[in-house]
1. In chain A, which longest range has no GluC sites (Glu not before Pro) that are both DSSP loop (not H, G, I, E or B) and surrounded by at most 10 other Cβ atoms within 10 Å?
2. For residue A:15, put the label point 7 Å out on the Cα→Cβ axis and report which residues of region A:71-101 keep their amide N under 16 Å from it.
3. Within 10 Å of each candidate Cβ there may be at most 12 other Cβ atoms; applying that plus a DSSP loop requirement, which trypsin sites (Lys or Arg not before Pro) in region A:138-209 survive?
4. If each residue's Cβ is checked for other Cβ atoms within 10 Å, how do A:311, A:223 rank with the fewest at the top?
5. Here is the link list: A:23/A:86; A:322/A:361; A:225/A:322; A:86/A:351. Which ones come out longer than 32 Å on Cα distance?
6. State the Cα centre-to-centre distance between region A:176-235 and region A:378-425 in whole Å.
7. Taking the simple approach of a point 7 Å from Cα along Cα-to-Cβ for both residue A:235 and residue A:419, what is their distance in nm?
8. Starting from the Cα of residue A:75, step 7 Å along the direction of its Cβ; do the same at residue A:98; then give the gap between the two resulting points in nm.
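Bear in mind these aren't lab numbers, they're just calculated from the coordinates by the rules spelled out. Predicted, not measured: the structure shown is a model, and the values here were computed from it. When we count neighbours, we look across all protein chains shown, and the Cβ atoms used for this are built from the backbone with ideal geometry, even at glycine.
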Amino acid sequence: MPEVSIKQALAGQPAENAQVTVKGWVRTRRDSKGGFSFITLNDGSCFDSIQVVAPGELPNYQSEVLRLTTGASVIATGKLVRSQGKGQAYEIQADQIQAVGFVDDPDTYPIQPKQHTFEYLREVAHLRPRTNTFGAVTRVRHTLSMAIHRFFHENGFYWIHTPIITCSDCEGAGAMFRVSTLDLANLPRTPEGKIDWSQDFFAREASLTVSGQLNVEAYCLAMSKVYTFGPTFRAEWSFTPRHLAEFWMIEPEVAFADLAADAALAESFLKYIFRAVLDERQDDMAFFAQRIDKDCIQRLESFVDSSFERMDYTDAIAALEKSGKNFEFPVKWGMDLQSEHERWLTEEYVKRPVVVMNYPKEIKAFYMRLNDDGKTVAAMDVLAPGIGEIIGGSQREDRLDVLDQRMAECGLNPANYQWYRDLRRYGSVPHAGFGLGFERTIMYVTGMQNVRDVIPFPRTPKHAEF
RNA sequence: UCCGCAGUAGCUCAAUGGUAGAGCAGCCGGCUGUUAACCGGCGGGUUGUAGGUUCGAGUCCUACCUGCGGAGCCA
């Protein structure tokens with residue numbers, strides 16, 4: 001007898017009137033005094049649950065079926081039939097219900113068939129995937145992941161597994177988590193009284209990565225088109241709906257590419273993965289549109305149908321100055337664009353995604369290629385309506401002398417970047433790439449308002465309970 | 001780290017300084033196919049913690065804890 005997912009059963013597979021077995025968790029049980037019960041089962045395979053009709057003649061009807069509560073696990077076998085009721089096309093007329101796991105103390109089972117606050121559900125992060133919202137987020141997250149890998153694979157990119165543990169403070173970006181096996185209660189000291197890292201596991205200070213970019217550049221300058229997609233760690237002391245201490249980042253890098261090619265890649269990439277969600281997760285997106293953010297589907301559709309505007313930073317500043325808007329942060333050439341400025345540019349000025357390019361070098365990282373004007377670097381931000389910055393990228397500085405000069409300006413010691421400098425000594429080429437925060441992308445797609453609700457087990461300051 | 005808002009039943013929320021309540025969930029009963037069903041009943045509380053003001057504090061004051069939002073920082 002075929003064992004099917006609830007997704008298959010709801011689609012009438014393998015066939016109407018076929019004998020099938022489904023396995024899942026009870027969402028609700030409704031009893032009819034016609035002497036039978038309706039059990040709604042969900043197994044995560046799709047948004048919808050299937051209705052199992054349990055007749056009172058089942059041998060374990062009184063002893064087990066009537067004791068099933070929300071959250072119990074069940075294996076149900078029976079005939080897949082067209083439903084007499086209105087809520088679903090197919091249901092299962094059960095001739096066998098196996099109660100696999102009951103809920104211990106149903107009175108306090110944390111997930112009830114009702115609306116819970118997201119704040120509460122974070123406290124039961126191990127059970128929240130049993131809710132509609134987190135099931136839908138989980139499937140969308142998976143679909144985006146697969147689409148990302150598929151896009152790069154189909155376009156000749158190699159997935160590079162850059163290291164999680166690093167010894168280089170790559171961009172000087174953000175506070176880092178130390179990786180050490182030293183005995184904290186008895187730290188080895190140098191004669192000067194400083195901690196003697198030479199006795200640590202890696203014989204030097206080591207940390208969790210804040211970006212795979214520098215490592216992936218090395219593979220770019222051999223494999224031509226590469227990307228990383230993995231976890232990243234920032235020990236920043238920040239409490240906001242957009243920050244995590246552990247998050248996932250996508251960073252492609254392309255050899256023989258300039259900033260314009262980088263922007264073109266970002267555009268086709270974003271459109272591809274959003275198209276995939278629209279095509280493959282219609283059930284979940286309909287839920288998000290209904291319950292979370294009514295505009296989320298339309299936002300994606302208009303995104304994939306728009307051509308991105310390209311705009312120089314200098315022109316963006318000029319437009320902002322002429323906007324007549326009274327911004328909280330006054331606009332001036334040389335400043336970094338604040339969130340309010342980004343939103344105005346993309347939502348009101350051009351009304352579609354916009355790539356802002358060539359920022360002042362003072363507000364950007366040392367590895368970005370210095371433009372001929374000597375004042376700006378070949379950096380870009382992709383701004384999208386409804387969110388602001390979604391991608392940041394740049395053409396990298398491929399000239400060793402200019403790189404050294406920029407590192408000096410940024411107060412970095414070239415001795416710490418020997419292998420990175422080597423890439424400019426041995427067959428250097430123009431290359432470019434960008435970074436995309438995966439969780440923020442999921443927020444944009446689903447309309448979810450808090451980054452802690454789009455990753456299974458969020459890590460934030462003082463929080464790593466699960 | 002700074003600023004603001006909040007904390008009452010398992011969950012979502014009420015309660016003018018004057019007897020702590022409702023809905024949902026749970027349990028019991030009713031209802032001939034229900035759709036987060038419906039109807040009736042029952043149990044459920046150290047009002048975040050510690051002090052203070054007051055005849056009297058869930059309510060006012062102080063400190064702390066926790067959560068959320070904003071700023072900074074960023075993805």
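1. On the way: sites that count: A:57, A:192, A:328.
Answer - A:329-466.
2. The answer is A:79-82, whose backbone nitrogens lie closer than 16 Å to the label point.
3. Details: sites: A:139, A:141, A:150, A:178, A:189, A:194, A:204; in loops: A:194, A:204.
Here the trypsin sites (Lys or Arg not before Pro) that fit, given the DSSP loop and packing criteria, are A:194, A:204.
4. Numbers: A:311 21, A:223 15.
Lowest count first: A:223, A:311.
5. Details: A:23/A:86 23 Å; A:322/A:361 24 Å; A:225/A:322 40 Å; A:86/A:351 42 Å.
Cα-Cα > 32 Å for A:225/A:322; A:86/A:351; rest within.
6. 19 Å
7. That separation, rounded to one decimal, is 2.1 nm.
8. Those two pseudo-labels are separated by 0.2 nm.
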